[in-house]
Amino acid sequence: MMASSKFGRLVGGVAVLAAAVALSGCMSARSDQSLPGMGPDDCGASTLQSRIGQPVVQGAGGTSIGGVAVNAPGAIRVIAPGQPVTQDYSTGRLNLDVDASGRLVRPWCG
């Protein structure tokens, strides 16, 4: 009876260890652990603060805010309310959060 109890604890311990190792693969590989919008401004988001409230238009010719073209060193991603987005972090990517009417709410890098 004592041997089966030790065996059960050993198997349980191995299962917990295996789960911990498996879950560690789900951890973020992000080098900048700050929250979105709180890291370095490599994408130029700070220059767009004055355009908050203006309409964002994304088309074949590029992205504009209030009729002025947006230039960014990396990709530009327009994010509508409730829209699913990937959680990968890219310091050069400009994210533009818009409200339901398509007006700029928050520019941020990531």
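Listing for the model above:
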| quantity | calculated |
| --- | --- |
| Cα→Cβ-extended label distance, 7 Å offset, between Ala75 and Ala100, nm | 2.8 nm |
| Pairs of Cα atoms farther than 12 Å apart, the stretch 69-110, % | 59 percent |
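Bear in mind these aren't lab numbers, they're just calculated from the coordinates by the rules spelled out. These numbers were taken from a predicted model, which means no experiment stands behind them. Neighbour counts are summed over all protein chains in view; Cβ atoms, including those assigned to glycine, are modelled from backbone coordinates with ideal geometry.
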